[in-house]
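Notes follow once the structure below has been shown.
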Amino acid sequence: MDEIEQSRKGLVSQAISVLVDGICKQNDCGIQYSGIEWADALPADRFLAIGDDLKAVQVQLNQQVNKLTARLAYRRNLSSLVHRLPPEVLMTILEEFKPTPPHPDNDDSLFDLLLVCRTWYETIIGSSQLWGYFAAKMPYKIARLVIDRSQMHPISVYWHTNQMDIRSASGHLSKMIDLAVANSTRIRSVDIRVPGQSAAANAQRLLEAPTPALETLKVRVGSGDLDWEWDVPSSEFVLSEGSHLNHLSLQYMTAQLDTHRFSNLVTLILAGSSVPHSLKQLLHPLSSSQRLEVLEIQDSGRRVDGKFRDNAPVELLYLKRLVLSGIPGLYIMAIIASIYIPSCHYVVVRDRRVLDGGDEDSDEEDPDEEAMEDTAAIEGLDAIIWRPSNDQAASLVGGTDSGSGRSALSIQIFIRRITIETLNSLQGHRELLFARTDIPRLMARLGTTISQLPSPPGLHLKYMDSHTRGQIPVDLLPWSEVIESLFVEGNDSCRSVLQQLSQRHVILETGGVDWICKKLETIRLVYNLGEKEENTAPNGEALLSLVRQRWSGEDGFPPAVRPTTFMIYCNKTKFPNLWSLEDEIARIIPSFRFIDRD
């Protein structure tokens, strides 16, 4: 490759030398070209003329090279296998890559392929299946060509006007929507994105036109990323009669969901004002869509009304993806309690209160009556969902997966939120964020439920107490049989953990006695500097008592398995009682370390 590169450089230098020497001769300059430094020897009165001639030659040279390479490409196409492809094979390839007629957002234009060769031209022009893409930004003449060439084949409408100047383009859009509506019976797919409710009128005309062949409908009104948009009154449309849809996505556009056209869906996505107030209305398309694979309900502050569980849960046996994000906790729990998802491997649940940061104030004002009703309702639904032997609870945390290796869960408590995540990617993706006023109650339910799964996951528990002022006590007992890793932050919480780990408990199944959290392998405790002044002596006493009782065997009871990692993070000056024990503890637990916090 180096020899080839050097050869090319030599050819380029030779060509430049011939060009420059010719320009010099034309300008009565006898200085022979010898490289870039040649310019330093030019007379000052020749700079301008020679420079202009060089630029002109460069332009002509580029043009000639471009034409030559284009001609070579054309000749190569004529002699290539691609040129000799049978039309039916070429059609199969083109249908797979789906080139589209030209419009401002598209780089892969069907028109460019017409220029390859006559065979391609004739195949594309004569293939009505390729002319089924209709976009709002298309020139009207191209849109007419699409309609004519596609004959009676299905059309996909791409109506994205969110980045257009609606006022200046109003005439064009009006003609385009007339053309689309006139051919609406052939429309198979509609993808609409408009900047706001005021620009949704044309889109609504299209939605309410006869579309008996429609299979996929996607509508998004507005930016979709503003907090206030969920409550903006949205346009409501009624879809015309026709066959069942496969895919429905509505964001900030309202539709009546209790229609037979939404009764056999594969995908259902609702966001903002598209999310119904009534759970019953939401359950209608769910209960009649046994093949549903994707369910996403997002970004709505609406408070759900109506009863939550009159009947047995709707079984969504084929659901693969569940996203409930940015909606109130009561709505989330009502949906979870109303469905059963045994095969779902992607679960994301994010309470709107967590995303808004509403759980970060530990000194809230007295809640109003409505908030108290919601809290009571959530606690009731927690009791229904998080209970032993409930298959839905097992599905949410991955407890029904098998053959994918041992599962592992991370649970983090921070202020008034609980975050649950899967740590083993083979178990799918699960991310559950709940906001609760009574964290200990939900943690107790979770601990009991997860511990009694047929194949309980290994638990990594992270308790961050630095901002809760000790209001949420740590209770390890519900997690005793599954906890493998423990991270605790907060002085009171750390001391509580040391005291609990020094205890033994009765095993209900056998009646025997064993250490609490006997599978614990990793312990990390963090003592904070900024907390109130306190007597630090009890911290040292609790630590020493734990080590002697649990791991030394001094009391005659078999010691627990020593942790592979045991670290305490604390300031050496503020906690001298702890640091003075380092040598004695390390003698019993070789993995033990103190880490100084400045």
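Within region 493-517, track down each residue that is touching a Ser or Thr at 6+ places or on another chain (Cβ under 9 Å) and assigned to a loop (DSSP other than H, G, I, E, B).
Ser502, Ile516, Cys517
Of the conditions (1) modelled with pLDDT of 80 or more; (2) surrounded by 17 or more Cβ atoms within 10 Å (Cβ to Cβ); (3) under 24 Å from His160 (Cα atoms); (4) not hydrophobic (A, V, I, L, M, F, W, C), Ser127 satisfies every one except a single condition; which number is it?
Unmet condition: (3).
With the checklist (1) buried (at least 20 other Cβ atoms within 10 Å of the Cβ); (2) at pLDDT 95 or above in hand, flag the one item Ser184 doesn't pass.
(2)
Quick test of your reading of the structure: Ile147 fulfils all but one of (1) modelled with pLDDT of 80 or more; (2) over 30 Å from Gly222 (Cβ atoms). Name the failing condition by number.
The single condition Ile147 does not satisfy is (2).
Counting only residues that are in contact (Cβ under 8 Å) with a residue 40 or more places away in the chain and either touching a His at 6+ places or on another chain (Cβ under 7 Å) or assigned to a strand (DSSP E or B) (or both), how many does region 193-212 have?
0
Quick check on region 258-278: of everything there that is buried (at least 22 other Cβ atoms within 10 Å of the Cβ) and out of contact with any strand residue (DSSP E or B) (no Cβ under 7 Å at 6 or more places or on another chain), which residue is modelled with the lowest pLDDT?
Applying the filter and picking the extreme gives Pro276.
Just a yes or no: is a residue in region 156-175 within 34 Å of the chain's Cα centre (by Cα), exposed (fewer than 15 other Cβ atoms within 10 Å of the Cβ) and not aliphatic (A, V, I, L, M)?
Among the residues of region 156-175, at least one is within 34 Å of the chain's Cα centre (by Cα), exposed (fewer than 15 other Cβ atoms within 10 Å of the Cβ) and not aliphatic (A, V, I, L, M), which makes the answer yes.
Where residues in region 489-513 are touching a Lys or Arg at 6+ places or on another chain (Cβ under 7 Å) and crowded, with 16+ Cβ neighbours inside 10 Å, which of them is modelled with the highest pLDDT?
Across region 489-513, the extreme among qualifying residues is Leu501.
Which of the residues belonging to region 549-589 are surrounded by fewer than 14 Cβ atoms within 10 Å (Cβ to Cβ), of a type in the set (Val, Ile, Thr) and within 19 Å of Leu520 (Cα to Cα)?
Answer for region 549-589, where residues must be surrounded by fewer than 14 Cβ atoms within 10 Å (Cβ to Cβ), of a type in the set (Val, Ile, Thr) and within 19 Å of Leu520 (Cα to Cα): Val561, Thr564, Thr565.
Among the residues of region 260-297, write down those that are under 18 Å from Ser338 (Cβ atoms) and in a helix (DSSP H, G or I).
If the condition is that a residue be under 18 Å from Ser338 (Cβ atoms) and in a helix (DSSP H, G or I), then Phe262, Leu279, Lys280, Gln281, Leu282, Leu283, His284, Pro285, Leu286, Ser287 are the ones that fit.
So which of Ala444, Ala377 ends up being part of a helix (DSSP H, G or I) and either at pLDDT 90 or above or buried (at least 21 other Cβ atoms within 10 Å of the Cβ) (or both)?
Result of the check over Ala444, Ala377: Ala444.
Residues that are free of Cβ contacts under 8 Å to residues at least 40 places away in the same chain, assigned by TED's automatic domain parsing to the domain that holds Val474 and among the hydrophobic types (A, V, I, L, M, F, W, C): does region 496-506 have at least one?
yes
If I filter region 408-422 for residues that are farther than 15 Å from Trp386 by Cβ, free of Cβ contacts under 8 Å to residues at least 40 places away in the same chain and hydrophobic (A, V, I, L, M, F, W, C), do I get at least one hit?
Checked region 408-422: no residue is farther than 15 Å from Trp386 by Cβ, free of Cβ contacts under 8 Å to residues at least 40 places away in the same chain and hydrophobic (A, V, I, L, M, F, W, C).
Modelled with pLDDT of 85 or more, surrounded by 15 or more Cβ atoms within 10 Å (Cβ to Cβ), closer than 25 Å to Leu409 by Cα and under 42 Å from the mean Cα position of the chain (by Cα), is that true of Ile472?
Spelling it out, it is not the case that Ile472 is modelled with pLDDT of 85 or more, surrounded by 15 or more Cβ atoms within 10 Å (Cβ to Cβ), closer than 25 Å to Leu409 by Cα and under 42 Å from the mean Cα position of the chain (by Cα).
Quick check on my filter: what residues within region 394-419 are touching a Ser or Thr at 6+ places or on another chain (Cβ under 6 Å) and modelled with pLDDT under 90?
Within region 394-419, Ala394, Gly398, Ile415 qualify.
Restricting to region 313-352, give me the number of residues that are among the charged types (D, E, K, R) and part of a strand (DSSP E or B).
Final tally of qualifying residues: 4.
Restricting attention to region 353-372, report how many residues are at pLDDT below 80 and part of a helix (DSSP H, G or I).
Final tally of qualifying residues: 6.
Name every residue in region 17-55 that is assigned to a helix (DSSP H, G or I) and of a type in the set (Gly, Ala, Ser), in order of residue number.
Listed by number, the residues that qualify are Ser17, Gly22, Ala39, Ala41, Ala44, Ala49, Gly51.
Looking at Leu546, Leu520, can you tell me which residue is buried (at least 16 other Cβ atoms within 10 Å of the Cβ) and not in a loop (DSSP other than H, G, I, E, B)?
Criteria check complete, one pass: Leu546.
The values are calculated or read from the model by the stated rules, or taken from the named source; none is laboratory data. Remember, it's a predicted structure, so these values are computed and weren't measured experimentally. Cβ coordinates were reconstructed from backbone atoms using ideal geometry, including for glycine residues, and neighbour counts include every protein chain displayed.
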